[in-house]
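Asker: Please see the structure below; I have some questions.
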Amino acid sequence: MKPQFITLDGIDGAGKSTNLAAIKVWFERRGLPVLFTREPGGTALGEALREILLNPATKAGLRAETMMMFAARMQHIEEVILPALSDGIHVVSDRFTDATFAYQGGGRGMPSEDIEILEHWVQGGLKPDLTLLLDVPPEVSMARIGQMREKDRFEQEEAGFFKRVRQVYLQRAGRQPERYAVIDGSRSPEAVGHQIEMTLDGHFGLNV
Ligand code: ADP
C-alpha cells in the first residue's frame, strides 16, 4: 500500500488531540512508519503563522486569514508532507484543508469557490486518502473547552459559528463518503478510540 495521507478534523473540542494518542498506538502496534503533524503549523513558518492566527489579539480580515492558512499549508506540504510520503512514511495531520472550508468558509462566510482556487493552487492534486471527521454538537464541544483552557481566537466564537462549521464538515463528508469516516465524538473516549481503530483497520485492510 502506498504511504497514506490521513487527516483528523472536526470542530474545536471534538477530541482531536485526545484521539491522536490512540492513533499513535495503532500505528506503533502495527509497526507502520508514521509522522504526526498539525495545521496550521508543522514547520517553523507554519508554527509562527499559527501563533498569529490563534492569538485573540490578532486583527486579520477574512482573505488575509485564509491566505495565511494556505501559506502555512504550502510550506507544510513542501517541507513535511510530500517528503515523508515519498520516503514511504504515512502522514497523520491534525487538521487540513477541510478546516479552511469549514472555518473560513462555513464559519466566516468565504465563498467555497474562492477557497477551491487556493486549494488547487497550493495543493495541486494532493488530497488526503482518509479524513477522520470527529463530529460533536457544538454544545458538547463548547462545554468541554469551557472547562479546561484559555480560548484561542477561533474558540472564542459563538455557538452559531460552530454550528455552521460543523454543517460544512458534514456536507463535505456526505458528498465524498469514500474519503471521510464520520466518527461520533460525543461518545465515551473508549468508544471513540475504538471506532477510530476499526476505521484504520478497515482503511489499511487489516480487519480480517
Ligand atoms: P480538540 O483537540 O478537538 O480541540 P481535545 O482532544 O483537546 O479536542 O478535547 C477537548 C476536551 O474534551 C478535553 O478536555 C478532553 O479531555 C475532552 N474530551 C475529549 N474526548 C472526549 C470524550 N469522548 N468524552 C468526553 N470528553 C472528551
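The values are calculated or read from the model by the stated rules, or taken from the named source; none is laboratory data. For clarity, every value in this text was computed on a predicted model and none was experimentally measured. Cβ coordinates were reconstructed from backbone atoms using ideal geometry, including for glycine residues, and neighbour counts include every protein chain displayed. Heavy atoms of the whole protein, side chains included, go into the accessibility calculation; ligands, DNA and RNA do not. Shrake-Rupley method; radii C 1.70, N 1.55, O 1.52, S 1.80 Å.
Asker: Among the residues that make up the stretch 35-53, is at least one of them touching a Ser or Thr at 6+ places or on another chain (Cβ under 7 Å), of a type in the set (D, E, K, R) and open to solvent by less than 60 Å² (accessible area, probe 1.4 Å)?
Answerer: Yes, there is a match, as at least one residue in the stretch 35-53 is touching a Ser or Thr at 6+ places or on another chain (Cβ under 7 Å), of a type in the set (D, E, K, R) and open to solvent by less than 60 Å² (accessible area, probe 1.4 Å).
Asker: Of all residues in the stretch 118-176 being assigned to a helix (DSSP H, G or I) and of a type in the set (Val, Ile, Thr), which is most open to solvent (accessible area, probe 1.4 Å)?
Answerer: Selected residue: Val140.
Asker: Now for a separate question. Take the stretch 1-25 and flag every residue that is away from the ligand (no atom under 14 Å from the Cβ), open to solvent by 10 Å² or more (accessible area, probe 1.4 Å) and within 21 Å of Gly185 (Cα to Cα).
Answerer: Val25
Asker: Sticking with this one: Could you tell me which numbered condition Gly88 fails, if it satisfies all but one of (1) at positive phi; (2) within 13 Å of the ligand (Cβ to nearest atom)?
Answerer: (2)
Asker: I've got another one for you. So which of Gln147, Gln195 is at pLDDT below 95 and polar (S, T, N, Q)?
Answerer: So the residue among Gln147, Gln195 that is at pLDDT below 95 and polar (S, T, N, Q) is Gln147.
Asker: Specify which of the listed residues (Phe204, Phe101) is open to solvent by less than 20 Å² (accessible area, probe 1.4 Å) and in contact with a helix residue (DSSP H, G or I) (Cβ under 8 Å, 6 or more places away or on another chain).
Answerer: Unique residue meeting the criteria: Phe101.
Asker: List every residue pair whose Cβ atoms sit under 6 Å apart, with the two residues 6 or more apart in sequence or on different chains, where the first one lies in the stretch 169-187 and is within 16 Å of the ligand (Cβ to nearest atom) and the second, anywhere, is in a helix (DSSP H, G or I) and open to solvent by 20 Å² or more (accessible area, probe 1.4 Å).
Answerer: Correct list of pairs: Ala181/Thr199; Ile183/Gln195; Ser186/Val140.
Asker: Report yes if some residue within the stretch 26-33 is within 14 Å of the ligand (Cβ to nearest atom), surrounded by 15 or more Cβ atoms within 10 Å (Cβ to Cβ) and assigned to a helix (DSSP H, G or I); otherwise report no.
Answerer: no
Asker: Now for a separate question. Looking at the stretch 54-81, which of the residues that are part of a loop (DSSP other than H, G, I, E, B) and of a type in the set (A, V, I, L, M) is most open to solvent (accessible area, probe 1.4 Å)?
Answerer: Filtering the stretch 54-81 for residues that are part of a loop (DSSP other than H, G, I, E, B) and of a type in the set (A, V, I, L, M), the one most open to solvent (accessible area, probe 1.4 Å) comes out as Ala57.
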